[in-house]
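Some notes on the structure that comes next.
Laboratory data are not the source of any read-out in this text; all were calculated from the coordinates shown. Predicted model only: the values in this text are computed from it and were never measured. Backbone-built Cβ (ideal geometry, glycine too); neighbour counts: all protein chains shown.
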């Protein structure tokens, strides 16, 4: 090392260089986190269950490119042969997208089985939130979250995404909730879970995936990514252990298609009630809507995901700037009484060569 200075750092709640960790963090993501640079988590069920090949691969690559263009690092999360990966290589993305090997739609409840069996898994919103939090990534972008299904008063079909938002401090950037769901009941459930819900836009109209206005209103709105970052910063300072939902309306140019798609959804929902249940409902409905609309729903889906990625990356960049400007005024943390090799919180300390 010569005369070069060594700088200690810790990342999230885990030492990302710890080879015994259950997380396999890519080098790009690890370096970004260690330098406190903006990182955006991405789910993988969009790749494994949400879109056909090759559109799923093309979209995944384009979304990562959008995030990089905005100045953040993408961290697609998935399970490959029983190992949780945070950040995927081009080869790993293609492996998931081609779907040549069985892949389990993995929510919080599914991790023990999928990992123990050495399977591949596409992480849902709840599964991705769980991993992102473990890795120390506070911003996560997806298409739309799950929620309370229509007729849930009889079926009790409520997505695990909502309870995860109630107990995991990660900010989820999405186009609201999926259009196939009961938006009003979903917002009520999120309120019960103590989840801060806001719209990124000029008003409180809450979007429902394919349309900009579900007919429901969010409790608040923030007009810019910077304001969203300020809100996140205060949320972190308060150490609130529930998540946040930042809803980004679909771009206006895709609004007309959205209204037509909602009609197709109504048809598909009725068909699903007679054909499937549980985790198969959403993939069934999305496939039927794709067929009914002649592929238009997939085009709108891709457009809103890209829009969410841009917004989420901008929020992550602004949050990192806020953290950087705050930390620059803090006194040094070195203490003569601190044990060598540990941080003040008792966490492992890695040393990075500044040269």
> Sorted by average packing, counted as other Cβ atoms within 10 angstrom per residue and highest first, what order do 142-152, 288-298 take?
Replying inline: 142-152, 288-298
>> Rounded, prolate or oblate for region 159-232? Axes are the square roots of the Cα gyration tensor eigenvalues, ordered a ≥ b ≥ c, and the cut-off for rounded is a/c under 1.5.
In response: oblate
> On a 0 to 90 degree scale, rounded to 10, what angle separates helix 225-237 from the longest Cα axis of the chain?
Replying inline: 60
> With contacts defined as alpha carbon pairs under 8 Å and 6 or more residues apart, what's the relative contact order of the chain in percent?
Replying inline: 21
>> Using helices alone, I'd like the mean residue ellipticity at 222 nm for the chain: each DSSP H run of four-plus residues gives -39500 (n - 2.57), total over residue count, nearest 500.
In response: -13500 deg cm²/dmol
> Any idea what the relative contact order of region 206-297 is, in percent, if you count C-alpha pairs under 8 Å spaced at least 6 apart?
Replying inline: 32
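How big is the antiparallel share of DSSP beta bridges in the chain, given as a percent to the nearest 5?
35
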> Which order do 111, 206 fall in if you start with the one that has the fewest other Cβ atoms within 10 Å?
Replying inline: 111, 206
>> I need the P(r) histogram for region 64-131: all alpha carbon pairs, bin width 5 Å from 0 out to the longest distance, whole percents.
In response: 4, 17, 27, 23, 17, 7, 4, 1
> Which order do 209, 113, 284 fall in if you start with the one that has the fewest other Cβ atoms within 10 Å?
Replying inline: 113, 284, 209
> Ranked from highest to lowest mean number of other Cβ atoms within 10 Å per residue, what is the order of the peptides 273-281, 166-174?
Replying inline: 166-174, 273-281
>> Could you sort the peptides 300-307, 29-36, 122-129 by per-residue average Cβ neighbour count (10 Å cutoff), highest mean leading?
In response: 122-129, 300-307, 29-36
>> What does the C-alpha gyration tensor say about the overall shape of region 167-308? Classify as rounded when a/c is under 1.5, otherwise prolate if a/b is larger than b/c, or oblate.
In response: prolate
> So what is log10(I(q)/I(0)) for region 216-292 at q = 0.21, 0.23 1/Å, when the Debye sum runs over its Cα atoms only?
Replying inline: -0.93, -1.00
> Relative contact order for region 51-149: what is it in percent, counting Cα pairs under 8 Å that are at least 6 residues apart?
Replying inline: 25
> Which three extents, in whole angstrom, do the alpha-carbon atoms of the chain cover along their principal axes, largest first?
Replying inline: 69, 44, 37
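For region 86-219, rounded, prolate or oblate, judged on the Cα gyration tensor with a ≥ b ≥ c (square roots of eigenvalues), a/c < 1.5 rounded, else prolate if a/b > b/c?
prolate
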